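Here the structure is laid out as structure tokens; the discussion comes afterwards.
The values are calculated or read from the model by the stated rules, or taken from the named source; none is laboratory data. All figures in this text were calculated on a predicted structure; none of them were measured in a lab. Don't worry about glycine lacking a Cβ; one is built from the backbone with ideal geometry, like all the others, and counts go over all protein chains shown. In case anyone asks, the SASA skips ligands and DNA or RNA and just uses the protein heavy atoms, side chains included. Shrake-Rupley method; radii C 1.70, N 1.55, O 1.52, S 1.80 Å.
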Amino acid sequence: MISTNLRAVAGLLGLAGLLCGCAVGPDFHLPPKPTQKAYRPAGEAAAAGEQQFALGKRITGDWWKLFHSGPLDHVVQQAIGGNRTLVAAKATLAQAEQARIQASGGLFPQVDLGASAARQKISPSQFGLQKLPAGFPPIFNLFSIGPRVSYALDIFGETRRGIEEAGALAEAANYEVDAAYLTLTGQAVTEAFTIAEINAEIRTIEGIIADDQTNLRLVNAEVKAGTATQLDIETATSQLEADRTLLPPLRQQLSQTRHALAILGGKAPIDWTPPAFDLAAFTLPKDLPVSLPSALVQQRPDVLTAQARLHAASAAIGVATAQLYPRLDITAAFNQDTTKINQLFWGSSSAWSVASGLTAPIFHGGELVAQRRAAIAAYDASLANYQQTVLLSFGQVADALDALQNDAALIESERRAIRSGEASLRLTRQTYSIGNIGILQVVDAQRQVEQARLGLVRAEAQRLIDTAQLFLAMGGGWWQWQGDHAPPASAGKPAVKATP
């Protein structure tokens, strides 16, 4: 009898195995590659001033080293090692990996051990009797122990689609770690450049104040010589004091930027002070890698995250579709049941059972159909989000390319303005010294030079920042990252394939 039942179960499992070869719902296919050949209507120019665009070249993983600054490299490594946002992203990835493993458990039989002890009273009416037969105790103890095996046959692929969905979400979490790494390194570099810019602005303002003091001394000398008036002194003094007001806001901004950089590195501002960066200490990268649009979508972690979430949404449609079909479960149990605990493992106490159960949805008030429609709508939303992410990435690259060309033009203009303004200021001071013009003309000439000097500092700092932004827009070489978090083996390619 036992062998007959076991053969029946084996036959049922074999039939179910044949049925499990397919999974309902759509198979995921990667979105088509972009057809664009350039990022801007006019195409990519070959150069931006001193910098050259290297079309088709990929960025290195430690892209910040292209600026050849030891202190910058130290700060970035400090941020990578201590940033709490990066730690949180890694923990979220570990959580997603465990969710994938948890989902995979549904492919295997579930084995549990059960044990119970009960004291029961039997009513004769349960057996259609007025009273129990002689010798049959109305109250007795019942002890039971034994394993139970249950297995849900994945005939229509609900479990496999669930594993596919969990795997895609784990892939998304993987890319989110890469995105957090990329964002962190970009923020650290930008803050370092900002510190260097503010330091340069402070030095420039201090130079302007020194020029104001020179003007004031010049006016005092002219007053003593009788060629200037008290009004000239007040004008020069007013200009000096006005320029001194520029320093406190810059020093406050410098403090805030230093604090922000310390926090990026996982330190309290009181525990760590960033280096005093200098713009002149950074080397401007000459060759700027610019990947083609078709390659960019496989380099940027935000695009790959959106792609993985699109995959998960596709698999969720399969899960919802499978729930519209019947479900077949098989269970088996082997127990030791006895009324006396010392007889638990006697042969006469053995009992077993093998059973199968089929559950088919008939009427759920539209719940299951609505659930599938919701999954399809979620897929459409994920597809739109993916497409929008791709468009935004192209826009960021185009912005960076335009910015670098405009930065180069602005820097050259500021340099010409400084040369012209300094020559004009020298002539204006000489003319003032012989009494042909007033102090206001000297102040105006000096103001033009001041604005050009500050403009050059800001433009040079902005070019460094825009260069870093281009590196980030190109994906920042995260696939070469050799940190505690290992990048996907097929970096730049989908790490999770669709279930066939």
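Numbers at a glance
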item: Using a Förster distance of 45 Å, the FRET efficiency for A409-H364 (Cβ separation, nearest 0.05); result: 0.10
item: Stretchable slack from Q52 to A281, in nm (0.36 nm times residue separation minus alpha-carbon distance); result: 80.4 nm
item: Whole-percent carbon and sulfur share, accessible surface of the range 214-370, 1.4 Å; result: 59
item: Where labels lie 7 Å past Cα in the beta-carbon direction, separation of W346 and S238 in nm; result: 11.5
item: Sites L247 and A225, calculated FRET efficiency, Cβ-Cβ separation with R0 45 Å, nearest 0.05; result: 0.90
item: Amide H within-cut-off set for A48, under 5 Å, with H built and near neighbours excluded; result: F53
item: Proximal charge balance of A280 [Cβ under 11 Å; K/R count +1, D/E count -1]; result: -1
item: Computed [θ] at 222 nm, helices only, for the chain once each DSSP H run of length n ≥ 4 contributes -39500 (n - 2.57); result: -20000 deg cm²/dmol
item: Which labelled figure in [x] 18; [y] 14; [z] 49 is percent of Cα pairs over 42 Å apart, once derived from the coordinates; result: [z]
item: About the Cα centre, charge dipole magnitude for the chain (Lys/Arg +1, Asp/Glu -1 at Cβ), debye; result: 1900
item: Gain upon complete extension [E422, L107; 0.36 nm per residue less C-alpha separation]; result: 105.5 nm
item: Rounded if a/c under 1.5, otherwise prolate or oblate - the range 383-431, Cα gyration tensor axes; result: prolate
item: Gyration tensor (alpha-carbon) shape descriptor, the range 24-169, a/c threshold 1.5; result: prolate
item: Interchain or long-range residues, amide H under 5 Å from R327's placed H; result: T359, A360
item: Q98-I270 pseudo-label distance in nm [points 7 Å out on the Cα-to-Cβ vector]; result: 3.5
item: The chain: relative contact order in percent, alpha carbon pairs under 8 Å with at least 6 residues between; result: 28
item: 10 Å beta-carbon shell around V76, net charge (K/R +1, D/E -1); result: -1
item: Backbone HN-Hα couplings from phi across the range 50-58 [Karplus 6.51/-1.76/1.60, Hz, Gly and Pro as x]; result: 7, 9, 10, 8, 9, 5, x, 8, 9
item: Accessible area (Å², per residue) of the chain, counting only protein heavy atoms and a probe of 1.4 Å; result: 51
item: Note, ³J(HN,Hα) from phi for the range 236-245, Karplus 6.51, -1.76, 1.60, rounded to Hz, x at Gly and Pro; result: 5, 5, 4, 5, 4, 5, 4, 6, 5, 5
item: Cα gyration tensor category, rounded, prolate or oblate, for the range 274-431 with a/c compared to 1.5; result: prolate
item: Local electrostatic count, T331, Cβ distance below 15 Å [Lys/Arg +1, Asp/Glu -1]; result: 0
item: Hypothetical label at K37: residues of the range 290-313 whose amide nitrogen lies under 16 Å (7 Å Cα-Cβ projection); result: 292-295
